[in-house]
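Reviewing the structure listed below.
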Amino acid sequence: MEYTLNNEYLNGLMQKTIAKNPSEPEFYQAVHEFLTSVEAIIDQHPEFISEKILERIIEPERVIMFRVPWVDDKGEIQVNKGFRVQFNSAIGPYKGGIRLHPSVNLGILKFLGFEQIFKNSLTTLPMGGGKGGSDFDPKGKSDREVMAFCQSFMRELCKHIGPDTDVPAGDIGTGAREIGYMFGQYKKIRNEFTGVLTGKGLTFGGSLARTEATGYGLCYFTSCMLAKKGTSFAGKTVVISGAGNVAIYATEKAQQLGAKVVALCDSTGYVYDPDGIKLDIVKDIKEVKRQRISEYAKQVPTAKYEDGCHGIWSIPCDIALPCATQNELDLDAAKTLVANGCKVVAEGANMPSTPEAIAYFQANGVYFAPGKASNAGGVATSGLEMSQNSERLSWTFEEVDAKLKSIMESIFKAADETATKIGHEDNLVMGANIAGLLKVADAMLAQGVI
Ligand code: NDP
Ligand code: 2IT
C-alpha cells in the first residue's frame, strides 16, 4: 500500500510518520485514512499547521513498555511483553481497552490508540485516547494461568493508571474474567477501591449493559443509517464476523430489531445457519465453555461449518457487520459482498475493512460506517460506568441502554452532518474523522503547547 496524499504538507507529514515509526503498517493505515479526511478541511484551518496540531496528535503523549513475567501451571516461567499507549489526554483521562492476543505489537496498539482519540471525542463524553495490551494468548490457558498473567501485568501497569489518569477496559482476549483479576490486583497494591477499570463485574462497580454495549451500540448506529435510507433491520439478512463480545451482542440486538443473522465466525472458521443463528447456543459455546464456533454446527442440524474465516463474506446478505479484527475484510470480500447485493456495512471491530475495501464500497453504493463511529458504544458505556463509579450509584439496565442509544444517535448525527457540511454527503469516514478531530484540536489549542 502506498501512503501518499495530494496535499503537499499532509503528504510530508505522512512520509515523516512512516520514517519515524518503522515497521508499524497498521499505524500508517490509520494515520493515512485520518489525514486523507483532513485534506478536505486543512485550508480552512491554518492554525492546525502553525500550532502543529497534526504533528502533535500523531505522536503519543507517552508509551509504556514493560516485561510481564509469570509462572504457568507446570511451574515454568513465561515472559510476555506489556504495553500501554497513552495517546492523547486533551479532552479527558486516557481511555481505551487492553488487547491480549499473540499478534499484539506496538504498531497495532498505536493504531488502536490513535483511532480511540477520535472515537472517544465522538461519544460526547470527556475521555482521552489510549490503548494497551500484551502478546499473551489467553486461549488454552487455565484460569489460574490467566490470573497469574493479569496480576503480573497489573503489578507494573498500576503505576501508570488511575481513575483520573488512565482507565483501561476490555478488548480482544480481555473480558470480565481478566478485568476482575486486574481490578483485584490494582486494589490490593494501591489500597484503593476506585473506578480504575471499566467492564468490571456487576458486584464491584461494573455497569449494567456494558457487556452488551458495543454490539447493541453498533446496531443502534446501523439503524440510524438504515433510517436515513428509508429502511430498517426488519426482514434483513445479516452476516456478522467474529463470535466474541461484539459479535454476540450485535447478533442479539439485530435479532431483536427483526433481522435474520445467518453467520458468525472465529479465527478457525465460520458457521452458516440459513434458519438464523440460535444465540443461546452460541453464548453457551463461547461465553461459558470457551470452545470453537465449529461446535455450533455439531449441535444445530441446519448449520454448516467451513474452515477459514474469510469465506464468511461469500454468504449473501443485505447488511455486513465485521466484528472480529483489523483488515479481516479485503477488496475480494468487498467485491463479493457487493456482487451479492449487500447495501450497508458498519464496522463493529476496529479497522476491519482494508482501505481498498472501503474505497470499493464507497464507489459502489454501499453505505459504509467506520468503527470509530459505529463501535463507539462500548467506550461510551465505559464512560457511563466511570460516571456511576464517581457518584457511587448504579443505574438500571434501561437507563444505561437509553443513554447508549441516544449517544449512538448523536454520533451518527455528528458524522452525517459533518460529512454533508464538507461536501461529502454519506461519507461517514470523513464525517467521523473530522467531527472527532475538531473537538480535540480545540482543546489542544486552548491548552497551549504541552
Ligand atoms: P473477543 O476476544 O471477545 O472476540 C474476538 C473475536 O474475533 C473472536 O471470535 C476471535 O476468534 C475473532 N478474532 C480475533 N482475532 C482474530 C484474527 N486475527 N483473525 C480472525 N478472527 C479473529 O473480542 P471483542 O469482541 O471484544 O473485539 C472484537 C473487535 O471489536 C476488535 O477489533 C476490538 O478492538 C473491537 N472492539 C471491541 C470493543 C469492546 O467493548 N469489547 C469496543 C469497540 C471495539 P478467536 O476466538 O478464534 O480468536
Ligand atoms: O476499542 C474500544 O473502543 C474498546 N475496546 C473499548 C474501550 C473502553 O474503554 O471501553
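Derivation of every value follows stated rules applied to the coordinates shown; laboratory data play no part. Everything quoted here is computed from the prediction, not taken from an experiment. Glycine also receives a Cβ, built like all others from the backbone with ideal geometry; neighbour counts cover every protein chain displayed.
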Report task. Classify the chain as rounded, prolate or oblate from the Cα gyration tensor: take a ≥ b ≥ c as the square roots of its eigenvalues, call it rounded if a/c is under 1.5, otherwise prolate when a/b beats b/c and oblate if not. Result -> rounded
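Please give the peptides 149-156, 311-318 ranked by average Cβ packing (other Cβ atoms within 10 Å per residue), highest first, as a rough proxy for protection. Provide the component values of the computation, followed by the final result.
Working: 149-156: 23.0, 311-318: 20.2.
Going by the mean number of other Cβ atoms within 10 Å, highest first, we get 149-156, 311-318.
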Report task. Quick one: work out Rg over Rh on the C-alpha atoms of the range 176-272, Rh as Kirkwood radius. Result -> 1.13
**Report entry** Rounded, prolate or oblate (a/c below 1.5 giving rounded, otherwise prolate when a/b exceeds b/c) for the range 200-350 by Cα gyration tensor
**Finding:** oblate
Query raised in the report: Just from its helices, what would the mean residue ellipticity at 222 nm be for the chain, if runs of 4 or more DSSP H residues each count -39500 (n - 2.57) and the sum is divided by every residue, rounded to the nearest 500 deg cm²/dmol?
Result: -14500 deg cm²/dmol
Query raised in the report: Tell me, what ³J(HN,Hα) does each residue in the range 234-250 have, in order and in whole Hz, if you take phi through Karplus 6.51 cos²θ - 1.76 cosθ + 1.60 with θ = phi - 60° and put x for Gly and Pro?
Result: 4, x, 7, 9, 10, 10, 10, 8, x, 8, x, 4, 5, 4, 4, 7, 5
Query raised in the report: For the chain, list the cysteines whose Cβ sits under 4.7 Å from no other cysteine Cβ?
Result: C150, C158, C219, C224, C317, C323, C342
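Relative contact order for the range 100-224: what is it in percent, counting Cα pairs under 8 Å that are at least 6 residues apart?
20
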Query raised in the report: Under a Cβ-Cβ cut-off of 10 Å, what is the net charge of the residues other than L208 that fall near it, where Lys and Arg count +1 and Asp and Glu count -1?
Result: -4
**Report entry** Hits among lysines - C-alpha to C-alpha of K52 under 20 Å, sequence gap 8 or more where chains match
**Finding:** K16, K20, K110, K439
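What does the charge count around D442 come to, taking other residues whose C-beta lies under 14 Å from its C-beta (Lys +1, Arg +1, Asp -1, Glu -1)?
Net charge around D442: 0.
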Requested in this report: Return a whole-number percent for the relative contact order of the chain, with Cα pairs under 8 Å and 6 or more residues apart as the contact set.
Outcome: 15
**Report entry** Among 170-178, 182-190, the order from most to least packed when residues are scored by Cβ within 10 Å on average
**Finding:** 170-178, 182-190
Query raised in the report: P301: net charge of surrounding residues, Cβ under 15 Å, Lys/Arg +1, Asp/Glu -1, itself excluded?
Result: 0
Report task. From the C-alpha gyration tensor of the range 365-450, pull out the three semi-axes of the equivalent ellipsoid (sqrt of 5λ each), sorted largest to smallest, in whole Å. Result -> 27, 20, 9
Requested in this report: Find how much the distance from D164 to N6 grows on full extension, using 0.36 nm per residue of separation minus their present alpha carbon separation; answer in nm with one decimal.
Outcome: 52.9 nm
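Take the alpha carbon gyration tensor of the range 1-151, find the square roots of its eigenvalues, order them as a ≥ b ≥ c, and report rounded if a/c is under 1.5; if not, report prolate when a/b exceeds b/c, else oblate. Spell out each step's value before the answer.
On the way: a/c = 3.04, a/b = 2.10, b/c = 1.45.
Prolate.
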Query raised in the report: If you stretched the chain out fully between D275 and K81, how much longer would it get, using 0.36 nm times the residue separation minus the C-alpha to C-alpha distance?
Result: 65.5 nm
**Report entry** Mean-position separation - Cα centroids, the range 292-332 and the range 41-68, in angstrom
**Finding:** 37
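Which FRET efficiency value, to the nearest 0.05, is calculated for T268 and K335 with the Förster distance at 35 angstrom and r the Cβ-Cβ distance?
With R0 = 35 Å, the Cβ-Cβ based efficiency is 0.90.
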Query - Theoretical FRET efficiency, 1/(1+(r/R0)^6), r = Cβ-Cβ of K413 and K188, R0 41 Å, to 0.05 - result: 0.40
